[in-house]
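The values are calculated or read from the model by the stated rules, or taken from the named source; none is laboratory data. Predicted, not measured: the structure shown is a model, and the values here were computed from it. Because the Cβ atoms are built from the backbone with ideal geometry, glycine has one as well, and the counts that use them run over all protein chains shown. Accessible surface is based on the protein model in full, side chains and every heavy atom, while ligands, DNA and RNA are left aside. Shrake-Rupley method; radii C 1.70, N 1.55, O 1.52, S 1.80 Å.
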Amino acid sequence: IEKIISNRVGKRNLGFGATIESKKEEDISELLRQITPQDLLKFGLIPEFIGRVPITVGLSALDETALVNIMTAPKNALVKQYKKLIGIDNVELEITEGAIKAVARKAIELKTGARGLRTILENLMLDTMYELPSLVDVEKVVIDETVVSGGKPQIIKKAG
């Protein structure tokens with residue numbers, strides 16, 4: 001579909017004098033923002049479907065700041081859910097700011113976007129969530145950047 005839009009817009013790379021450029025994510029998302037129903041027709045969608053879709057928009061990828069907000073800001077944010085889940089066993093969960101940013105960077109690296117955040121956090125917490133109910137005198141579980149890069153969560157036991 002990018003080719004169809006670029007032909008309509010006028011950005012052509014044809015002939016001996018054409019400059020050959022690699023397609024960047026920003027260029028493709030910029031082209032997709034200019035999509036029209038005629039482009040969708042040329043792409044092969046049937047007119048009945050296009051007529052029933054009132055608005056056509058191109059989406060751009062989420063950046064690190066947006067992913068961090070998704071994990072922390074909403075009422076039912078992922079970080080809050082895991083704190084509540086771990087809190088059932090009377091244990092405090094501490095996820096550092098660096099760890100949250102590292103999870104966002106990992107989601108960008110894996111190109112999973114916001115949907116991959118839960119999977120990444122689940123993989124970080126899985127072993128700890130299973131071990132926690134059987135452990136005695138655990139006060140806190142700490143997750144920092146080293147955990148995201150492949151370490152294990154730090155389990156802090158109560159003094160005494």
Of all DSSP beta bridges with both partners in the chain, the antiparallel percent, nearest 5, is 50 percent
Let me know the volume per residue of the alpha-carbon convex hull for the range 21-160, in Å³. 162 Å³
How large a share of the accessible area of the chain, in percent, is made up of carbon and sulfur atoms when the probe is 1.4 Å and the other protein chains stay in place? 55 percent
Here P(r) for the range 36-102, Cα-Cα distances in 10 Å bins, as whole percents, is 17, 28, 15, 18, 16, 5
Rounded to whole Å², per residue accessible area for the chain with a 1.4 Å probe reads 70 Å²
With Cα springs under 10 Å, the Gaussian network model of the chain assigns the largest mean-square fluctuation among Lys75, Lys84, Lys106 to Lys75
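Determine, from the Cβ-Cβ distance of Val142 and Glu30 and an R0 of 41 Å, the FRET efficiency 1/(1 + (r/R0)^6), rounded to the nearest 0.05. List each step's numbers first, then the result.
Values: r = 42 Å, r/R0 = 1.02.
The computed FRET efficiency comes out at 0.50.
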Given a 1.4 Å probe and the protein chains all in place, what does the accessible area of Ile156 round to, in Å² to the nearest 10? 60 Å²
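Nearest 20 debye, what's the magnitude of the dipole of the chain about its Cα centre given +1 on Lys and Arg Cβ and -1 on Asp and Glu Cβ? It would help to have the intermediate numbers written out before the result.
Working: 23 positive and 22 negative charges, 117 e Å.
For this selection, approximately 560 debye.
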Distance between the C-alpha centers of the range 59-107 and the range 110-128? Whole Å please. 10 Å
Point-to-point label distance, Arg105-Asn123, nm (Cα→Cβ direction, 7 Å offset): 1.6 nm
Cβ-based charge dipole, the chain, positive-most Cα from Gly51, Leu124, Leu31: Gly51
Lys pairs in the range 22-160, Cα-Cα under 14 Å, at least 8 apart or on separate chains: how many? 7
Helix axis angle, 115-131 relative to the chain longest principal axis, alpha carbon, degrees: 20 degrees
